[in-house]
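The values are calculated or read from the model by the stated rules, or taken from the named source; none is laboratory data. Here the structure is a predicted model, which is why all the values come from computation and not from measurement. Backbone-built Cβ (ideal geometry, glycine too); neighbour counts: all protein chains shown.
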């Protein structure tokens, strides 16, 4: 989960002050956004930056959309003679123009007005020896570069393999993944996830980006990479697509292996991708699996994924008006059945009184997964997940639905946002509220979490070295149950169809597999014929194909 900035002492007028940086290579534009993801943007030229020489025709070729006033201003800025601050409105157009400027600088004012250059891909042939050795350990027994299916599911479709989750958490996601202190270990994990997604037949994107806001905070540029695996639905590439996103952050803070935060979420992400990509079901809507980078640096990876990749490269390109929603899994391994093991801070009690009473009723036991969502916007996601989660049984792993009433689709004012700061510390916030004044609506998103530092051993180990596999969490039942429910919820929301010739919708299939009372099953899911019943049994591996049955 992300770090919390010190907001004490700020008044309503200047709270919070978000500094937005856009940087590529050694060239950086400074955009200071005063307000809450809105308001004017101040852009100041730094005389310490050395811009390459350019000709006026080159500048016009690279930025044809700039009007004359903007062009003259850009020309003056890049001449090196401009040291004042000028103000722009933080619209999508300005964001696009800023990207154009940076791409132009990165390519040193190429006179070719063709497509904007893409970021450099990962050079896999230049992998350091240490990274290769790490990958060998991580992928031992997985055949990750072959089929990605070394872990087989039982006959039941869309079934999570708990042994695969445990393998990844105890073998792969046990190394620090900080860009600052563990670059090679982090690179090993990046390659592991990339190869896993590729082995599953997903469309894989290494979304390399320049971190927003980071330069202002730390006075140095930083490049990150989101690993995206896409399972195209039948509506892929059309305006009818309503993508579903599953995301988990990949990075850690320095000094921690990040077993719970967020090796647990990464394991759920990769296992969900394995199950959904290899189940044989088809989906109406596309599914995106995303390992976010730099969440611990103010959710920079999800910022650029939503703003740059999802919004522009997918939604704008294909004419998609909305997504179905995003599930974010962040810290889901810390299950503690000890009474008194769960804290529920005053802020949480104030805004989630029903959950506070429930947790008190259960003797403050940390035995649940929490689903944090906006009641007015994200209820469909939360309720779908809840339905499948509760249908799984295993009541020792409870669920708490935490619906926030005061946060809606529109950006709240500064006071409300400050009061809800504890609830916006992970990547879901970047789906809820974009950092601009565009007309694109808020995107539905729900955070699934064990509440991080508020439970059991993570009270002492949050962001520290003891968040590890050695002294960590032996019972991974919560991870397995969350992952299974996420898989089923996504399959439902993406309108999956399974079985021979895709006859069974996902809800029908799950109802037939589940423990619903017979009378309820008959009312909801009538079988049209004996052949349908036999095809279900064949799909479950209990009968040979219908065409091979003796007559």
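Taking the stretch 148-174 as the range and being modelled with pLDDT of 85 or more and surrounded by fewer than 21 Cβ atoms within 10 Å (Cβ to Cβ) as the test, the residues that pass are 159, 161, 162, 163, 166, 167, 170, 171, 174.
Residue 181 falls short on exactly one of the conditions (1) surrounded by fewer than 19 Cβ atoms within 10 Å (Cβ to Cβ); (2) assigned to a loop (DSSP other than H, G, I, E, B); (3) modelled with pLDDT under 90, and that condition is (3).
Can you work out which of the residues in the stretch 188-222 that are assigned to a helix (DSSP H, G or I) and at pLDDT below 90 is nearest to the chain's Cα centre (by Cα)? Before you say what the answer is, go through the steps one by one.
Start the filter on the stretch 188-222 by keeping residues that are assigned to a helix (DSSP H, G or I), which leaves 188-199, 214-218.
Cutting the leftovers down to at pLDDT below 90 gives us 214-218.
On the way: 214: 19, 215: 23, 216: 24, 217: 23, 218: 24 Å.
Ranking the qualifying residues of the stretch 188-222, first place goes to 214.
Among the residues of the stretch 295-319, those that are within 17 Å of residue 434 (Cα to Cα) and assigned to a loop (DSSP other than H, G, I, E, B) comprise 298, 299.
Assess whether residue 334 counts as being closer than 25 Å to residue 476 by Cβ and either surrounded by 13 or more Cβ atoms within 10 Å (Cβ to Cβ) or out of contact with any strand residue (DSSP E or B) (no Cβ under 7 Å at 6 or more places or on another chain) (or both). Spell out how you get there, then give the answer.
Values: closer than 25 Å to residue 476 by Cβ: yes; either surrounded by 13 or more Cβ atoms within 10 Å (Cβ to Cβ) or out of contact with any strand residue (DSSP E or B) (no Cβ under 7 Å at 6 or more places or on another chain) (or both): yes.
In short, yes.
If I ask for residues that are in contact with a strand residue (DSSP E or B) (Cβ under 7 Å, 6 or more places away or on another chain) and closer than 15 Å to residue 267 by Cα, which ones from the stretch 468-499 would you list? Those that are in contact with a strand residue (DSSP E or B) (Cβ under 7 Å, 6 or more places away or on another chain) and closer than 15 Å to residue 267 by Cα: 478, 482, 486. For the stretch 417-430, state whether one or more residues are within 26 Å of residue 272 (Cβ to Cβ) and assigned to a strand (DSSP E or B). The answer is no, given that none of the residues of the stretch 417-430 is within 26 Å of residue 272 (Cβ to Cβ) and assigned to a strand (DSSP E or B). Checked against the criterion of being touching a helix residue (DSSP H, G or I) at 6+ places or on another chain (Cβ under 8 Å) and crowded, with 21+ Cβ neighbours inside 10 Å, the stretch 416-423 contains one or more residues that satisfy it.
Here are 317, 307: which of them is in the same structural domain as residue 378 (by TED's automatic domain parsing) and free of Cβ contacts under 8 Å to residues at least 60 places away in the same chain? Steps first, answer last, please.
Numbers: 307 fails: free of Cβ contacts under 8 Å to residues at least 60 places away in the same chain.
Only one candidate qualifies: 317.
Working only within the stretch 368-404, note down all residues that are part of a loop (DSSP other than H, G, I, E, B) and within 14 Å of residue 432 (Cβ to Cβ). Within the stretch 368-404, 375, 376, 377, 378 qualify.
Search the stretch 358-367 for residues being part of a loop (DSSP other than H, G, I, E, B) and on the phi < 0 side of the Ramachandran plot, and hand back the single one that is surrounded by the fewest Cβ atoms within 10 Å (Cβ to Cβ).
Taking the stretch 358-367 and keeping what is part of a loop (DSSP other than H, G, I, E, B), we get 362-365, 367.
With on the phi < 0 side of the Ramachandran plot added as a condition, the list becomes 362, 365, 367.
Working: 362: 16, 365: 20, 367: 22.
Among them, the one singled out is 362.
Filter the stretch 231-258 for residues that are surrounded by fewer than 19 Cβ atoms within 10 Å (Cβ to Cβ) and within 22 Å of residue 277 (Cα to Cα) and give the result. 232, 234, 236, 237, 238, 240, listed by residue number.
Residue-by-condition table, conditions (1) out of contact with any helix residue (DSSP H, G or I) (no Cβ under 7 Å at 6 or more places or on another chain); (2) at pLDDT below 85; (3) crowded, with 16+ Cβ neighbours inside 10 Å; (4) closer than 29 Å to residue 381 by Cβ:
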position: 470; (1), (2), (3), (4): yes, yes, no, no
position: 488; (1), (2), (3), (4): no, no, yes, yes
position: 491; (1), (2), (3), (4): no, no, yes, yes
position: 513; (1), (2), (3), (4): yes, yes, yes, yes
position: 517; (1), (2), (3), (4): yes, yes, no, yes
position: 528; (1), (2), (3), (4): yes, yes, no, no
position: 536; (1), (2), (3), (4): no, yes, yes, yes
position: 539; (1), (2), (3), (4): no, yes, yes, yes
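Quick grid of which residues meet (1) part of a helix (DSSP H, G or I); (2) under 22 Å from residue 252 (Cβ atoms); (3) not assigned by TED's automatic domain parsing to the domain that holds residue 348:
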{"site": "453", "(1), (2), (3)": "yes, yes, no"}
{"site": "463", "(1), (2), (3)": "no, yes, no"}
{"site": "468", "(1), (2), (3)": "no, yes, no"}
{"site": "478", "(1), (2), (3)": "yes, yes, no"}
{"site": "492", "(1), (2), (3)": "yes, no, no"}
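With respect to the conditions (1) assigned to a loop (DSSP other than H, G, I, E, B); (2) farther than 23 Å from residue 311 by Cβ, residue 408 lacks only one, and its number is (2).
Given the options 478, 407, 401, name the one that is more than 22 Å from residue 292 (Cβ to Cβ) and either within 20 Å of the chain's Cα centre (by Cα) or crowded, with 22+ Cβ neighbours inside 10 Å (or both). Talk me through it step by step, then tell me what you get.
Details: 478 fails: more than 22 Å from residue 292 (Cβ to Cβ); 407 fails: more than 22 Å from residue 292 (Cβ to Cβ).
That would be 401, the only listed residue that is more than 22 Å from residue 292 (Cβ to Cβ) and either within 20 Å of the chain's Cα centre (by Cα) or crowded, with 22+ Cβ neighbours inside 10 Å (or both).
For the stretch 259-274, the criterion of being touching a helix residue (DSSP H, G or I) at 6+ places or on another chain (Cβ under 6 Å), in a strand (DSSP E or B), at pLDDT 95 or above and crowded, with 21+ Cβ neighbours inside 10 Å is met by no residue.
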